[in-house]
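Below: the structure, in structure tokens.
Every read-out reported here was derived from the displayed coordinates using simple, explicitly stated rules and does not represent laboratory data. Worth saying up front: this structure is predicted, and the values here are computed from it rather than measured. We place every Cβ from the backbone using ideal geometry, glycine too, and count neighbours over all the protein chains shown.
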Amino acid sequence: MCLCSLEKALKRSLQAYEAAYLSKSLSRLFDPINLVFPMGGRNPPSNDELDSIIKTISSELNVASMDPNLSLAVAKNAAKTIQLFCVKSEQLVCTTPSFMYNL
């Protein structure tokens, strides 16, 4: 059996662990977003809360930096996190006509 086949077999055997790791990583990334944007909340995150979100993203990317494929997958999770942050931020903006006319 050639070395390439062994390497591929090893990678296949680790796929379930990688999927579990990525799922947990996404959860760790989403947690601070969900904490600073509680259901029904109307206040934007503080600077400290923003720092916490940035540190969490940075930490996840840093841990995965040892493997290019894992790094790419975690970067995709980080992009999903930023997208979630944008959606939650947009939900804070009031766009109802009655509010707009009262300005």
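Would you pick out the residues in segment 29-48 that are in a helix (DSSP H, G or I) and either hydroxyl-bearing (S, T, Y) or surrounded by fewer than 16 Cβ atoms within 10 Å (Cβ to Cβ) (or both)? D31, N34, L35, N47, D48 - these are the residues of segment 29-48 that are in a helix (DSSP H, G or I) and either hydroxyl-bearing (S, T, Y) or surrounded by fewer than 16 Cβ atoms within 10 Å (Cβ to Cβ) (or both). The criterion of being over 16 Å from the mean Cα position of the chain (by Cα) and not polar (S, T, N, Q) holds for D67. For segment 1-27, filtering for residues that are closer than 23 Å to E90 by Cβ and surrounded by 12 or more Cβ atoms within 10 Å (Cβ to Cβ) leaves 1. The condition of being in contact (Cβ under 8 Å) with a residue 24 or more places away in the chain and not polar (S, T, N, Q) does not hold for P68. Just one of (1) assigned to a loop (DSSP other than H, G, I, E, B); (2) closer than 15 Å to S89 by Cβ; (3) of a type outside the set (S, T, Y) fails for M66. It is (2). Annotation for segment 10-17: no member residue is in contact with a helix residue (DSSP H, G or I) (Cβ under 8 Å, 6 or more places away or on another chain) and not β-branched (V, I, T).
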